[in-house]
Each structure stands twice: as structure tokens, then as C-alpha cells.
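**Q** I'd like to ask some things about the structure below.
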Amino acid sequence: MIEIRINENEANQRIDKFLRKYLTDAPLSYIYKMVRKKNIRLNGKKAKVETILKEGDVLTFYIKEEAAGSLIGKKTLGTNIRKNFKIAFEDENIIIVEKPKGLLIHGTKNEKKNTLVNQVVAYLKQNGDYDPEIEKTFIPAAVNRLDRNTSGLVIFGKNNKSLQVLNAMIRDKNIRKFYITMVMGSIKETLHVKGSIIKDQGKNKVELVRQTKRNAKEIETIFRPLKGNESYTLVEAELITGRTHQIRAQLSDSGFPILGDEKYGDHKINEKMRKTFNLKSQYLHAYKIFFQKCYPPLNYLEGREIISEFPVQLKEIEERLLMR
């Protein structure tokens, strides 16, 4: 028999969701069978998969510890994970880090260890802000995503309540996200671009569609020119929605491809950027986050603005192309 007392970070989730995360190596059918046969009980009574767990609840597993051990996935946190990010902001609830270009946020089938998530979790563990031995299912997580070759700010929730609130604020568009990019061509005025997008999973590329199609998702971005000449424009992009490759695809479709963008950019200008500046990927940096409206317990962040350092390579390109 195994007993688990639900702590603050495990509370406010359905029992079946908790069990899927705790018994990671167990088939879903096995989990539901255990609940149905009363081998998993809540506070000594029959458990129901839809019940929301509360702090202090006790889940009892009527199975042998050896059997449970084969079903519980081990949290693999490398001990020698090198910290390859800067911290833009941190308190007891959240941490906002500056991701360098080239680093994945989440792992893939071929690359699982050296990710931003693993680096941040290892950092929090080292500082005593996260203890995987105490937490049964909770792991600090990112609430926004950046492409591998897009640098900039990524927000993490350090506890479950903050993570839930951050996700709600993202969903309700109360965290404004701003990017800096440089494009080919001259943009003279603000562009407020709306449309629909479809992702090709196989090619990891998106397509803008003019008519409503199945699986198409709405996208919206505001592009503000900051400085430029007849050849290039430095642009601030504010995401209203946050879809894969949204900024890159919309600017290309509008006739202003991002410098260095291999998927949606201009081949000739990309080749020039490679030879002149060694720019091998898109000129795109998530530089600012503004907390517009915040929910408890993160009310204190309301009105706060976090700005990241500008990558040296991108700053050099800006100076040489636009400050002559």
C-alpha cells in the first residue's frame, strides 16, 4: 500500500490528470481499471476520476510498492546541465529567462537533455526552489514558446498556482509579448495583420490561407516600424495571438521577409546576410513582456515591463544596415 498526501503544487487538478502524470509508465486503461476496482481511494473512500484534488487530500494505492515502482516514471534531471541562459526577472513565483538562439525550449525525440526547460529546472533545484523528491507530479514549466533559432524572453511558473495563473493570463491575452525583427523592404506605417494559418507538421512549416478551412487557426499581429531606409526596416512585432511561425509567415506574405529566415525568407538576401554577418537564421528576438492584467497571487506584477538584452550579433547588423 502507498499513501500520497496532496500538497499545494499537486492540488486543483482532476484525479485522472494527477494519476496520468504520476503513473507515467502505466497505460491509461490500467489507471481507470484501478480506480474502478477501488485499488485507488481518496481519503479512504472510493475515488472518482473527475474529482478535483485539494491540498491535504490523501490518495491510497492498494498495490505493492514493487509494482508501483515499475509504473512511476523517474524524473531525470541531469546533474551536470550547464546553465546557458540569463535571468531577466525572478521572484518566489516566477522566473523569466533570456533564451539564446540555438537552444530548444522542450526536448525532441532526438534531443532531450540539453533544453531550456531542463536547464531552468536544474537551476531551481540547485537553488532549493524545486525539490523533485517532494513533488509527485509538478515540474516548473514554460508558458510561452520560441523557435529554436529565436532568442529572447521565456516565462516559467515556479509553483503550480503561478503556472495555472500565468497560463490563464496568456489565454486571456493579458500578457503582451513584443519581438524585434529586421525585414527586407521599407515599412512606413504600422501594419495590423489578421488572417488564418494551417501548419504542415511534416515540413514544420505554416501556410497562410485566405478562406476558412478546416484546422485553420486565426492569427493577428501588430507590426510597428522603428527605423529603416529604402532597403531594410527594424520592426517591433506585438503578438495578439501566438501561433507557430506567425510573425515570420505574416511578414513574408506581406512582402517583407525577415532577414536570415530560411523557411519564409528571400534566398538571395539570406545568402548576403550569411556572407556579411554570418547570420544563419532568422533575425528575430523576443525582447519585451508587459503584464497588462494579473490575477491572484500575481497581482503585484500588473503594469510591470520586462526587457531583455539585445543579442550582440543582431545589434551589429542593425547598426551597420541602418545607421550609415
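Coordinate-derived values only; no laboratory data. Note that the coordinates shown come from a computational prediction; the quantities given were computed from them, not determined experimentally. FYI the Cβ positions are ideal-geometry reconstructions off the backbone, even for glycines, and counts take in every protein chain you see.
**Q** What angle do you read, to the nearest 10 degrees and between 0 and 90, between the alpha-carbon axis of helix 312-322 and the longest principal axis of the chain?
**A** That works out to roughly 30 degrees.
**Q** What distance in nm separates the two pseudo spin-label positions at Y295 and E135, each 7 Å out from Cα along the beta-carbon direction?
**A** Label-label distance for Y295 and E135, simple model: 2.0 nm.
**Q** In the structure displayed, which of K188/K227; K86/K280; K99/K268; K86/K263 lie more than 18 Å apart, Cα to Cα?
**A** Values: K188/K227 9 Å; K86/K280 22 Å; K99/K268 28 Å; K86/K263 28 Å.
Checking Cα-Cα distances, K86/K280; K99/K268; K86/K263 exceed 18 Å.
**Q** Further question: Using the crude model of +1 on Lys and Arg Cβ and -1 on Asp and Glu Cβ, and no other charge, please compute the dipole size for the chain relative to its Cα centre, in debye to 20. If you can, show how the numbers build up before the last one.
**A** Details: 60 positive and 40 negative charges, 239 e Å.
Dipole of the chain, to the nearest 20 debye: 1140 debye.
**Q** Let me ask something additional. Once the other residues with Cβ under 10 Å from the Cβ of V154 are scored (Lys, Arg +1; Asp, Glu -1), what is the net sum?
**A** On the way: positive: K99, R145; negative: E98.
Charge balance in the 10 Å sphere: +1.
**Q** Starting from 0.36 nm per residue, how many nanometres of slack lie between K188 and N7 once their C-alpha separation is accounted for? Please list the in-between numbers first.
**A** Working: separation 181, 0.36 × 181 = 65.16 nm, distance 5.44 nm.
Answer, rounded to one decimal: 59.7 nm.
**Q** Could you order peptides 189-196, 145-152 by the average number of other Cβ atoms within 10 Å of their residues, highest first? Write out the running numbers ahead of the final one.
**A** Numbers: 189-196: 13.9, 145-152: 20.6.
Result, highest mean first: 145-152, 189-196.
**Q** Could you please state, rounded to a whole Å, how far the C-alpha centre of region 251-268 is from the C-alpha centre of region 99-176?
**A** Value for the Cα centre distance between the two parts: 29 Å.
**Q** If packing is taken as the mean number of other Cβ atoms within 10 Å per residue, what is the order of 44-55, 255-266, highest first? Can you show the working numbers first?
**A** Numbers: 44-55: 13.1, 255-266: 20.3.
Per-residue Cβ counts within 10 Å, averaged per peptide and sorted highest first, yield 255-266, 44-55.
**Q** Provide the FRET efficiency to the nearest 0.05 for the I306-K268 pair, computing r from the beta carbons and using R0 = 41 Å.
**A** Numbers: r = 37 Å, r/R0 = 0.89.
So the FRET efficiency works out to roughly 0.65.
**Q** Next question, about the same structure. Could you tally the net charge around S308, taking each other residue with its Cβ under 13 Å from the Cβ of S308, Lys/Arg +1 and Asp/Glu -1? Intermediate results must be reported in sequence, preceding the final value.
**A** Numbers: positive: K86, K99, K101, K177, K288, K315; negative: E98, E305, E309.
Counting the neighbours of S308, the net charge comes to +3.
**Q** Find which of N299, L234, T137 sits farthest along the positive direction of the dipole of the chain, computed with +1 on the beta-carbon of Lys and Arg, -1 on that of Asp and Glu, about the Cα centre.
**A** T137
**Q** Under 19 Å between alpha carbons, and skipping anything fewer than 8 positions from K194 in its own chain: which lysines qualify?
**A** Within reach: K173, K177, K205, K213, K217.
**Q** In addition: For the charge dipole of the chain, defined by +1 on Lys and Arg C-beta atoms and -1 on Asp and Glu C-beta atoms about the Cα centroid, which residue among S186, I15, I258 has the Cα displaced farthest towards the positive pole?
**A** I15
**Q** Now, a different point. Could you give the size of the charge dipole of region 2-69 about its Cα centre, using +1 on the Cβ of each K and R and -1 on the Cβ of each D and E, expressed in debye and rounded to the nearest 20? Kindly include the intermediate steps, with their values, before the conclusion.
**A** On the way: 15 positive and 10 negative charges, 96 e Å.
Here region 2-69 has a charge dipole of around 460 debye.
**Q** Continuing with the same structure: Calculated from DSSP H runs of 4 or more alone, at -39500 (n - 2.57) each and per residue, what is the 222 nm mean residue ellipticity of the chain, nearest 500? Spell out each step's value before the answer.
**A** Numbers: 8 runs with 75 residues, N = 324.
It comes out at -6500 deg cm²/dmol, rounded to the nearest 500.
**Q** In what sequence, highest mean first, do 281-287, 221-227 appear when ranked by Cβ atoms within 10 angstrom?
**A** Working: 281-287: 25.0, 221-227: 16.7.
Descending mean neighbour count gives 281-287, 221-227.
**Q** With a/c under 1.5 counting as rounded, go ahead and sort region 140-247 into rounded, prolate or oblate using the C-alpha gyration tensor (a ≥ b ≥ c being the square roots of the eigenvalues; past the cut-off, prolate if a/b is larger than b/c, else oblate). Numbers along the way, then the final one.
**A** Values: a/c = 1.93, a/b = 1.34, b/c = 1.45.
Cα axes put region 140-247 in the oblate bin.
**Q** For D129, what is the net charge nearby, where nearby means another residue's Cβ is under 13 Å from its Cβ and Lys, Arg count +1, Asp, Glu -1?
**A** On the way: positive: K125, K158; negative: E90, D91, E92, D131, E135.
So the environment of D129 carries a net charge of -3.
**Q** For Y32 and F85, FRET efficiency with R0 = 56 Å and r from the beta-carbon atoms, rounded to 0.05?
**A** On the way: r = 40 Å, r/R0 = 0.71.
Once the sixth-power term is evaluated, E becomes 0.90.
**Q** For the Cα atoms of the chain, what angle does the longest principal axis make with the long axis of helix 267-277, in degrees from 0 to 90, nearest 10?
**A** Its long axis makes an angle of about 90 degrees.
**Q** Please state the charge dipole magnitude for region 86-171, taken about the Cα centre, from unit charges on C-beta atoms (+1 on K and R, -1 on D and E), reported in debye and rounded to the nearest 20.
**A** Working: 13 positive and 10 negative charges, 93 e Å.
With only Lys, Arg, Asp and Glu charged at Cβ, the dipole is about 440 debye.
**Q** Please give, to one decimal in nm, the separation of the simple spin-label points placed at K280 and I170, each 7 Å out from Cα toward the Cβ.
**A** 2.9
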